[in-house]
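Colleague: I have a structure here, written as structure tokens, and I will follow up with some questions on it.
The values are calculated or read from the model by the stated rules, or taken from the named source; none is laboratory data. Bear in mind the structure is a predicted one, so any value in this text is a computation, not a measurement. Positions of Cβ are backbone-derived with ideal geometry, glycine not excepted, and every protein chain shown enters the neighbour counts.
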Amino acid sequence: MLSIIKEFVQTTLGEDTISLQLRHVANYILAYCNHNQSTTNDNLLHQIILLIGYYCVLNQDNQCRLAFGNRPTVLQQLSCLPFRYFVESKYMDILFPTLISCSYDCDTTRAILQTEMSLELIANFIDTKTINEDDSKSIVSAFHMRFPYDEWTNALKYYRPTSKLSMKTHNDEEKENESHQTDTEIMS
């Protein structure tokens with residue numbers, strides 16, 4: 001299902017003139033819904049978030065298009081939605097697959113996203129979905145319907161680089177060495 005939706009959305013909306021119009025409409029809807037919050041507007045906001053995700057998933061050209069243009073860009077607006085989209089699971093399930101689709105395997109958009117939020121939130125979301133995702137769910141907004149399951153592990157590595165883990169290990173080793181030296185000095 002994802003491949004059919006993805007191909008249709010990316011082919012149709014990926015043309016330069018249509019892409020520009022999509023960004024203008026998405027920017028307007030994101031700004032409007034963010035400032036005028038209501039149930040009706042939330043539904044519209046969720047639909048544009050879904051559309052943006054399908055537009056960007058595994059397509060670096062479309063990902064980069066959302067990073068440029070009038071400020072705030074679509075990507076910046078997505079990363080600055082109300083707090084509930086970053087802490088409540090039902091809202092995270094709407095937003096985070098789109099943030100992943102907008103920034104996965106695209107260093108430009110990941111860098112922009114990183115200036116707006118912690119990438120650890122995205123890594124934790126993927127980690128949670130890897131453990132808890134119910135494969136029988138066929139809701140169009142489910143993570144596995146919006147981002148290919150076979151990319152989840154790579155995405156987790158992309159948002160939680162091993163260099164960060166190595167740094168922690170190196171720092172921990174330094175602390176252990178300092179502690180050991182202090183213990184040795186005290187015993188002498």
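Listed here are the residues, each with its yes/no results for (1) part of a helix (DSSP H, G or I); (2) surrounded by 14 or more Cβ atoms within 10 Å (Cβ to Cβ); (3) in contact with a strand residue (DSSP E or B) (Cβ under 8 Å, 6 or more places away or on another chain); (4) in contact (Cβ under 8 Å) with a residue 60 or more places away in the chain.
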residue: 30; (1), (2), (3), (4): yes, yes, no, no
residue: 41; (1), (2), (3), (4): yes, yes, no, no
residue: 51; (1), (2), (3), (4): yes, yes, no, no
residue: 54; (1), (2), (3), (4): yes, yes, no, yes
residue: 70; (1), (2), (3), (4): no, no, no, no
residue: 99; (1), (2), (3), (4): yes, yes, no, no
residue: 113; (1), (2), (3), (4): yes, yes, no, no
residue: 120; (1), (2), (3), (4): yes, no, no, no
residue: 125; (1), (2), (3), (4): yes, yes, no, no
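Colleague: Considering only region 131-150, I want to know if a residue exists there that is under 18 Å from residue 59 (Cβ atoms) and either modelled with pLDDT of 90 or more or among the aliphatic types (A, V, I, L, M) (or both).
Modeller: yes
Colleague: Residue 94 versus (1) out of contact with any His (no Cβ under 7 Å at 6 or more places or on another chain); (2) surrounded by 16 or more Cβ atoms within 10 Å (Cβ to Cβ); (3) part of a helix (DSSP H, G or I): which is the lone unmet condition?
Modeller: (1)
Colleague: Against the condition of a type outside the set (Asp, Glu), modelled with pLDDT of 90 or more and within 23 Å of residue 108 (Cβ to Cβ), how does residue 10 come out, does it pass?
Modeller: No.
Colleague: Please state which of the following conditions residue 23 fails to meet, knowing it meets all the rest: (1) among the basic types (Lys, Arg); (2) assigned to a loop (DSSP other than H, G, I, E, B); (3) crowded, with 19+ Cβ neighbours inside 10 Å.
Modeller: (2)
Colleague: Tally time: how many residues in region 101-111 are farther than 18 Å from residue 50 by Cα and assigned to a helix (DSSP H, G or I)?
Modeller: The total comes to 4.
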